[in-house]
1. Provide a single number: the residues in region 77-92 that are of a type in the set (Lys, Arg) and assigned to a loop (DSSP other than H, G, I, E, B).
2. Quick one: which residue in Asp74, Asp68 is in a loop (DSSP other than H, G, I, E, B) and among the charged types (D, E, K, R)?
3. Select, from Ala70, Ala79, Ala5, the only residue that is exposed (fewer than 14 other Cβ atoms within 10 Å of the Cβ) and of a type in the set (A, V, I, L, M).
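The values are calculated or read from the model by the stated rules, or taken from the named source; none is laboratory data. Note that the coordinates shown come from a computational prediction; the quantities given were computed from them, not determined experimentally. Neighbour counts run over all protein chains shown; Cβ positions are idealised from the backbone, glycine included.
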Amino acid sequence: MKTRAEFLAVRKGRRLNGPFFLIEALDRGDGDEPRYGLTVTRKVGNAVERNRIRRRLREAIRTCCGADMATGFDYVIVARRDLLSLPFETLTGELSRRVAKARSAERKAPTPPSGSE
């Protein structure tokens with residue numbers, strides 16, 4: 001995911017808050033490969049720290065969590081500063097658990113009323 005519109009669209013989906021990051025997930029409904037975007041704000045730290053967090057998150061997704069991401073979903077991961085000092089094994093476990101929870105919660109979400117009464 002690269003454009004602002006794609007990131008804003010995911011905000012309409014499911015949000016899972018955690019101590020190290022926030023995950024937003026949206027089912028696109030097209031069955032294509034899952035996509036993800038990372039957000040690391042300036043509140044987290046300077047450019048070196050933000051880039052290190054991005055690299056750690058990308059590697060965690062590549063090594064273990066990519067398989068947990070459901071097809072047809074968009075994910076946005078908003079990092080928090082505590083992620084910087086988190087051991088990598090803990091990061092991958094937490095990320096995998098949250099992604100699986102976002103996927104199952106989104107699939108079970110009830111459909112909104114149609115508005116026709």
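1. 1
2. Sole residue among the options that is in a loop (DSSP other than H, G, I, E, B) and among the charged types (D, E, K, R): Asp68.
3. Ala5
Yes/no per residue for (1) more than 14 Å from Ala70 (Cβ to Cβ); (2) in contact with a Ser or Thr (Cβ under 8 Å, 6 or more places away or on another chain):
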position: Glu6; (1), (2): yes, no
position: Asn17; (1), (2): yes, no
position: Phe21; (1), (2): yes, no
position: Arg28; (1), (2): no, no
position: Pro34; (1), (2): no, yes
position: Thr41; (1), (2): yes, no
position: Gly45; (1), (2): yes, no
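Table: residues versus (1) aromatic (Phe, Trp, Tyr); (2) closer than 20 Å to Leu8 by Cα; (3) modelled with pLDDT under 85.
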site	(1), (2), (3)
Arg56	no, no, no
Ala60	no, no, no
Thr63	no, no, no
Arg81	no, no, no
Leu91	no, no, no
Arg103	no, yes, yes
Lys108	no, no, yes
